[in-house]
Amino acid sequence: MSATIYKDANFGGARKTLIAGFYSGDRDLEACQFMSNSCEPITRLINSIVIDANTIVVIYGSHGKTASSGARVLIGPQSISSLDAIGMGNKIASVWVFPYKAYESTFPTDRHVLVSMLPNLDGRRVELMRGDYTSTRFNNEFNLRMNNIQSIKVDDGTIIIMYNGSNFENSMDSIALVGPAYIGDLEAVGMRDKINAIRVLYNQVPVQLPPVTILPPPPENEDLREVSMITEKREPRVIVIPEYHNKTPQIEKFKEEKVTTASNEIYFYLFFILVVIIAVIVSSLSKLSGIIDQFNKITKINL
């Protein structure tokens, strides 16, 4: 369940094998010559790719999971000797690799995808089960235009691939979402008004990802909520599920508590030492006073 990217066409030049994960930028996409320690970053220099079976790869022209600068979804096994053939030669800035094994009859069938023609799944919702949906099928079954979809929710164990091409072709933009995921505005992933085909897959292999939630920002005027959501182009805000991103505050809190405890222990030891010193001084003064008294008595007797 991996993919190998190559700097040159026909699987030549520097290469790197990618296991499941998201790779972006020069550090992640540093490739090496075969049987050599000579390595170099190949961001936007990738020209061929080999994808294993039971693997899905999404290649992006940007550093995020968006089709705004081009994106393609590739289902393994397959080999592409020249990425120019799908319009992505020397353009790839990020690569997402994740495992996929097709649905079997023994698995539950209650997974689905919800889509809406309005942001935030407002208005009428349409439920999509496993299968391929062309614009014609979508229109016939739901009496709606597919390229009007604006928001989407994907169940756990479900994958949706959205294609700009009407026949699921890879020569045009496509993007994948792995459930659980919720996109309140498809502009956030560069696919608003661009969906002309949809493929829904049920995955037997768990994909270890935090749930994705992307919502448009709240409207400035609540009375104009629906109008502003539809007509205004806004930068989406990302809301991250807390349990996946609360480790750092806990670690910092633990560090603070540990430092505080250490400080308290130091103060205690300093106080103890101070008490001992005072006790020694008092004892010494008491003994000195006794010696002085004895000396005075001896002096009086001699006189």
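The table that follows gives values for the structure above.
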quantity	calculated
From N90, N140, residue being modelled with pLDDT of 95 or more and part of a loop (DSSP other than H, G, I, E, B)	N90
Filtered residue count, the stretch 39-75, keeping only those that are closer than 27 Å to M162 by Cβ and either touching a helix residue (DSSP H, G or I) at 6+ places or on another chain (Cβ under 7 Å) or in the same structural domain as G165 (by TED's automatic domain parsing) (or both)	11
Residue check for R130: assigned by TED's automatic domain parsing to the domain that holds I175 and not acidic (D, E)	yes
Long-range neighbours under 6 Å by Cβ, at least six apart or interchain, first residue at pLDDT 95 or above within the stretch 164-187, second among the acidic types (D, E)	N164/D173
Qualifying residue in the stretch 19-38 (condition: β-branched (V, I, T) and either touching a residue at least 60 places away in the same chain (Cβ under 8 Å) or not assigned by TED's automatic domain parsing to the domain that holds G89 (or both))	yes
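The values are calculated or read from the model by the stated rules, or taken from the named source; none is laboratory data. As the structure is a computational prediction, the values presented were derived from the model and not from experiment. Methodologically, a virtual Cβ is constructed for each residue, glycine included, from the backbone with ideal geometry; neighbour enumeration extends over all protein chains shown.
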